[in-house]
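Undergrad: Below: one structure in C-alpha cells.
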C-alpha cells in the first residue's frame, strides 16, 4: 500500500510541475562552483516539462547565454531567461547595465546581494559562508540603497525608473527588510508593477508580519526551497515554517524557487519535486501547489505565454 501511495504522489508531482517555472536558480558558468550549467539545466527541466527558468548569478547578467540557448536549441521545452544582480561587478546601481539586460530580454533586477550592506553584516555573524562569496576576487564593497538620513539614493531611483519603463520584476536581493519596505514603496511610486521579496526565511531578517504586509502591498514572496529541505546543506527552516510563511502571504502571492545549482546538494529539479511533496504533505491542494510553482511566477515575470505553450503540448 505504501508503495502505491508513493507512486500516486510522484505522479501527482509530475502533473503539478508541468508548466512550472524556476525563477531563481544558480546554474553556471560562474566564479562560484556550480554543479550544472545553463544548458544542462534547460535540458533537465525540459524533460520535466517546465515552462521556463530564470538564471541568477551574483556577478553577471546571463542574458547572452539565454539568447544563445534559444537560438541554437529550439527543441528545448523550457525557455531560458536571466536576470541581473546589482553587485560590484556590474557597477552597483548602473542604469546602463540594467538597460542592456532589459534590451536582451532579461526578466529580473535584483537589489544588491553579496554587496548589500545587510549581507556584509550577516556574513560577519558567522552563520555560514555564502557559497558565492568572492574569494577569488577582491572583497565585496558595500553598495548601499539608502543615504545617511535613510532616504533612497538617487542612483537607486534611476534604476527603478529603468525597471518601470521596461516592465521588469524587481527582487529585493539581500538588502535588509527595513530597506525593502522603502525600496518597494519608492518603486511603486515610480511605476514598478512586479515586486518580489527574496527568501524572507534567511539573511534579510524578515518577520511574518513583514511577509504579510509586503504581500498586502501587492508584492510576491519568493521562498528558496533549498532552505527548507531535509538533507540540504542550506537548510535553515522546516515545513512548519513554510506553512506559516505561506499563510502569512497567501497562496496567491507565494512563489517557490529552487535557489539551487550548487554542488553537494539537490539538483534544481529534485528541489522542486521535494518542495512540491512538502507542500502536499502540509495539506495544500495540487492546484495550490501548482499556483506556487508556476502560475504566480508567470504573473510576476510576464511568462504566462510560456506556461500556456507547455500546457498545450
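Undergrad: Along the Cα-to-Cβ line of residue 287, 7 Å from the Cα, sits a label point; which residues in segment 252-270 have backbone N less than 17 Å from it?
TA: Only 252-254 pass the distance filter.
Undergrad: Rank these for me by crowding, 162, 251, going from fewest to most other beta carbons within 10 Å.
TA: Numbers: 162 21, 251 17.
The fewest-first ordering by Cβ neighbours comes to 251, 162.
Undergrad: From zero outward in steps of 10 Å, how is the percent of C-alpha pairs of segment 258-313 spread across the bins?
TA: Result, from short to long distances: 22, 42, 34, 3 percent.
Undergrad: If you average 1/r over every pair of different alpha-carbon atoms in segment 128-256 and take one over that average, what Kirkwood value in Å do you get? If you can, show how the numbers build up before the last one.
TA: Numbers: mean 1/r = 0.0634 Å⁻¹.
Final number for the Kirkwood radius of segment 128-256 is 15.8 Å.
Undergrad: Separation of segment 199-263 and segment 132-187 by C-alpha centroid, Å?
TA: Taking the Cα centre of each part, segment 199-263 and segment 132-187 sit 20 Å apart.
Undergrad: Okay, next question. Taking the Cα-to-Cβ direction at residue 33 and at residue 9 and moving 7 Å from each Cα, how far apart do the two end points lie in nm?
TA: About 3.2 nm separates the two model spin labels.
Undergrad: For the chain, with equal point scatterers placed on the C-alpha atoms only and solvent neglected, what are the log10 I(q)/I(0) values from the Debye formula at q = 0.12 1/Å, to two decimals?
TA: Debye intensities relative to I(0), on a log10 scale: -0.74.
Undergrad: Provide the percentage of antiparallel DSSP beta bridges, counting only those with both residues in the chain; round to the nearest 5.
TA: Details: 1 of 25 bridges.
Antiparallel: roughly 5 percent of the beta bridges in the chain.
Undergrad: For 292, 168, which order do you get if you count the other beta carbons within 10 Å of each Cβ and list the fewest first?
TA: Numbers: 292 26, 168 23.
Lowest to highest Cβ neighbour count: 168, 292.
Undergrad: Same structure again: On full extension of the chain, what length is gained from residue 161 through residue 121, given 0.36 nm per residue of separation minus the C-alpha to C-alpha distance? The partial results should precede the final answer.
TA: On the way: separation 40, 0.36 × 40 = 14.40 nm, distance 2.84 nm.
So the chain would gain 11.6 nm between residue 161 and residue 121.
Every number here is computed from the coordinates shown, using simple stated rules; none is lab data. Just so it is clear, the model here is predicted, and its values are computed rather than measured. In this analysis, Cβ positions are derived from the backbone assuming ideal geometry, glycine residues included, and neighbour counts consider all displayed protein chains.
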